[in-house]
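First up is the structure itself, then whatever we jot down about it.
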Amino acid sequence: MPIYERYIGTTTAQGREADETVTTTIPKPVAEELGIEAGTPVLWDCEEGSETAQIKNPVE
């Protein structure tokens, strides 16, 4: 299912997998749009003090 407009949704952190990480879920339409499948490295970007982070297409 392609995304044609802005996609907004929420997700809940599922718990800590290790001391330094938290697991979250990417909605299927977003994963499909970015070409993310099981085992795909996920690139995200965030600046210190920012209230947002961006998931980026790892191919770009």
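Using a probe of 1.4 angstrom and keeping all protein chains present, the accessible surface of the chain works out to 93 square angstrom per residue.
How would region 16-60 be classified by its alpha-carbon gyration tensor: rounded, prolate or oblate, with rounded meaning a/c under 1.5 and the a/b versus b/c comparison settling the rest?
Numbers: a/c = 1.93, a/b = 1.27, b/c = 1.52.
Since a/c reaches 1.5 but b/c is at least a/b, the shape of region 16-60 is classed as oblate.
Amide hydrogen proximity for Leu43: with H placed 1.01 Å from N in the peptide plane, the residues at 5 or more positions away or on another chain lying under 5 Å are Lys56.
When the solvent-accessible area of the chain is split by element, carbon and sulfur atoms take up 50 percent of it, the probe being 1.4 Å.
Roughly speaking, what is the stretch gain from Glu20 to Gln54, that is 0.36 nm per residue apart minus the C-alpha to C-alpha distance, in nm to one decimal? Display every interim value, and only then the final one.
On the way: separation 34, 0.36 × 34 = 12.24 nm, distance 1.89 nm.
This chain segment gains 10.3 nm when fully extended.
The values are calculated or read from the model by the stated rules, or taken from the named source; none is laboratory data. Just so it is clear, the structure is predicted and the values come from calculations on it, not from any experiment. To get the accessible areas, we keep the full protein, side chains included, count just its heavy atoms, and leave off ligands, DNA and RNA. Shrake-Rupley method; radii C 1.70, N 1.55, O 1.52, S 1.80 Å.
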